[in-house]
Amino acid sequence: MKMKIIFLCLFILSAGSGLVSGNESKQGWISLFDGTLNDWKAGENKASFTVDDGVIVANGQRSHLFYVGPVENAIFTDFELKVDVMTKSGSNGGIYFHTEFQQNNWPDKGFEVQVNNTYNRDPKKTGSLYMMSNVTKKTAGDDVWFTEHIIVKGKRVIIKIDDKKVVDWTEDDPPRPPSRFSKRVLSSGTFALQGHDPGSTVYYKNIRVRPLPVIDFPLVDYHVHLKGGLTLEEALRMSKKRGVKFGIAQNCGLGFNVTDDNGLKDYLEKLKGKSVYVAMQAEGREWLGLFSPEWIAKFDYVFSDAMTFTDDSGRRTRLWIKEEVNIGDKQQFMDMLVRKTVGILNNEPIDIYVNPTFLPAEIADEYDDLWTRQRMMKVIEAAVRNDVAIEINARYKIPSAEFIKLAKKAGAKFALGTNNGGKDLGNLEYCRRMIRQYRLKESDFFKPRPPGKRAIDRWKSRR
């Protein structure tokens, strides 16, 4: 009993908050565990996972706890993962990567990195890439914390225990997964912690990931709205805390609060001297007739989308309002949408095309079929021709990865945007994933231009 009390005291003293240190945070590390299981989901036998003083405790019937939180939308490809682990004598556990949520049984998809110091029924010891590259010698001890460090880059997996490399494995080409686990192939996916059996007790804490490649340039969210109760002061605090500069945008056009130059003047005055970009969201196709070029030019940039237009039958269409969308023949509708989008890019003085490739709810599930390569290229070429940046939109997770790949190849510029409907601004998760997936660099991104060189200035020079 006395020994149990001593162990418990040591356990509590050594348990961290799960937060990433300031130094690690600067190096691109992100915490996946905040001391609760809010961002985690257990399959079978949920009671096998509990939290005790900032530590995940796995003990009970077989279960797996999957990360389902917002970081990278829980889809990781290349990364470094560090997890602090402690085992009780005779315990078995594991850390999965490139996996996906599964209700029952051992996860079919992805790889397991073994946690086993003294579980004698399995010779595969801590650090093993289970069934792919096994470690047979003991690499860590029970009742002490050790760090399991997993690095995945392309086809190579490196595993370290307390900074000592124990596995360096490269996947065959083509892959040769075990017959028992045909989905044990490097791809992408989430992480999971294993609760192995009632006789095993494993503790996990300080779970932090560094998605690769590390984004080493400052990010800007150019599409933030003060709506849904979000105040300017709150937005400024969020911007500072996240290290992401915001562009605060005002909706300007028919049916919105700002419909003339006086409204523009008031908005500019409100944000004067604040550490944000000041943006104008041009709504509808009538906006150029409502505002003077002189006042438009006072904004750091102007953006618009192709979600509001007059269709070929003369009906005002707003793609997010079901009652105003008349699709009919889907292919004809898409051809019209592309034609309207290209017209906006050709004829309106905008710096950024936002909510790109948005589709109404009725056909949104057919996005990949309806946005053919030919249609995508028409929009991309118009954006490049008119020097209009293409937004990677965090809210709708558009445009698609294929669109971004084609746009990058065509030399398009990109911008990042939340387009929030309320206080939740997220953390540009989809944007960050696309940056990593397509190795986007700072030079691929839009930067607000000085007065005299903005889209409105170019537009005036053509008139």
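Where a number appears in this text, it was derived from the coordinates with a stated rule and is not lab data. Values in this document were obtained by computation on a predicted structure and should not be read as measured data. Because the Cβ atoms are built from the backbone with ideal geometry, glycine has one as well, and the counts that use them run over all protein chains shown.
Hey, what did the range 20-211 get for relative contact order, percent, Cα under 8 Å, at least 6 apart?
Numbers: 511 pairs, mean separation 64.1, N = 192.
Contact order relative to length: 33 percent.
Percent relative contact order of the chain, based on C-alpha pairs within less than 8 angstrom and at least six residues apart? Kindly include the intermediate steps, with their values, before the conclusion.
On the way: 969 pairs, mean separation 64.3, N = 463.
Reported relative contact order: 14 percent.
So for the range 267-393, considering every pair of alpha-carbon atoms, how many percent are separated by more than 17 Å? Please list the in-between numbers first.
On the way: 4798 of 8001 pairs.
The share of Cα pairs beyond 17 Å in the range 267-393 comes to 60 percent.
Using a 10 Å cut-off on Cβ atoms, rank the peptides 207-214, 173-180, 110-117 from the highest mean neighbour count down. Don't skip to the answer; put the middle values down first.
Details: 207-214: 18.9, 173-180: 9.9, 110-117: 26.1.
Result, highest mean first: 110-117, 207-214, 173-180.
Under the rule a/c < 1.5 gives rounded, and otherwise a/b versus b/c splits prolate from oblate, where does the range 355-399 land using the Cα gyration tensor? Walk me through the intermediate numbers first.
Numbers: a/c = 2.90, a/b = 1.41, b/c = 2.06.
Judged from the Cα gyration tensor, the range 355-399 comes out oblate (a/c at least 1.5, b/c at or above a/b).
Could you tell me whether the chain comes out rounded, prolate or oblate from its Cα gyration tensor? Rule is a ≥ b ≥ c as square roots of the eigenvalues, rounded for a/c under 1.5, then prolate if a/b exceeds b/c, otherwise oblate. If you can, show how the numbers build up before the last one.
On the way: a/c = 2.59, a/b = 2.04, b/c = 1.27.
It is prolate, given that a/c is not under 1.5 and a/b is the larger ratio.
Please state the relative contact order of the range 328-463 as a whole percent: Cα pairs under 8 Å, 6+ residues apart? The partial results should precede the final answer.
Numbers: 154 pairs, mean separation 34.7, N = 136.
Once normalised by length, the contact order is 26 percent.
Quick check: net charge around Y119, other residues with Cβ under 13 Å of its Cβ, Lys/Arg +1 and Asp/Glu -1?
On the way: positive: K88, R121, K124, K125, K138; negative: D122, D142, D197.
Combined, the nearby Lys, Arg, Asp and Glu give +2.
Nearest 500 deg cm²/dmol is fine: what mean residue ellipticity at 222 nm does the chain get from its DSSP H runs of n ≥ 4 alone, each adding -39,500 (n - 2.57), divided by its residue count?
Numbers: 11 runs with 105 residues, N = 463.
Estimated from H runs of four or more residues: -6500 deg cm²/dmol.
Kindly identify the range 220-462 as rounded, prolate or oblate by the Cα gyration tensor criterion: order the square roots of the eigenvalues as a ≥ b ≥ c, call it rounded if a/c is under 1.5, otherwise compare a/b with b/c, prolate if a/b is larger, else oblate.
On the way: a/c = 1.42, a/b = 1.21, b/c = 1.18.
The shape class here is rounded.
For the chain, find the longest principal axis of its Cα atoms and tell me its angle to the long axis of helix 232-242, 0 to 90°, nearest 10.
The answer is roughly 40 degrees.
Quick one: which of 419-432, 184-197 comes out on top by average Cβ neighbours within 10 Å, and what's the full order, highest first? Display every interim value, and only then the final one.
Details: 419-432: 17.6, 184-197: 22.5.
The most tightly packed comes first, giving 184-197, 419-432.
List residues of the range 184-216, by number, whose backbone nitrogen lies under 16 Å from a label position 7 Å along Cα→C-beta of K153.
From the range 184-216, the list is 210-216.
Want the number for E269 to M131: 0.36 nm per residue separation, take away the alpha-carbon distance, what's left?
Values: separation 138, 0.36 × 138 = 49.68 nm, distance 6.42 nm.
Full extension from E269 to M131 adds 43.3 nm.
Quick one: helix 330-347 against the long Cα principal axis of the chain, what's the angle to the nearest 10°, folded into 0 to 90?
70 degrees
Mind giving me the FRET efficiency for D368 and W320? R0 is 22 Å, r the Cβ-Cβ distance, nearest 0.05 is fine.
0.65
Stokes-Einstein D for the range 12-171 at 10 °C, 1.306 mPa s, Kirkwood Rh over Cα pairs, in µm²/s? All intermediate terms of the calculation are to be shown ahead of the outcome.
Values: Rh = 16.4 Å.
Estimated via Stokes-Einstein, D reaches 97 µm²/s.
How big is the antiparallel share of DSSP beta bridges in the chain, given as a percent to the nearest 5?
For the chain, the DSSP antiparallel bridge percentage is about 75.
How much FRET efficiency would the formula 1/(1 + (r/R0)^6) give for D168 and D143, where r is the Cβ-Cβ distance and R0 is 25 Å, rounded to 0.05? Provide the component values of the computation, followed by the final result.
Working: r = 28 Å, r/R0 = 1.14.
That pair, D168 with D143, gives E of 0.30.
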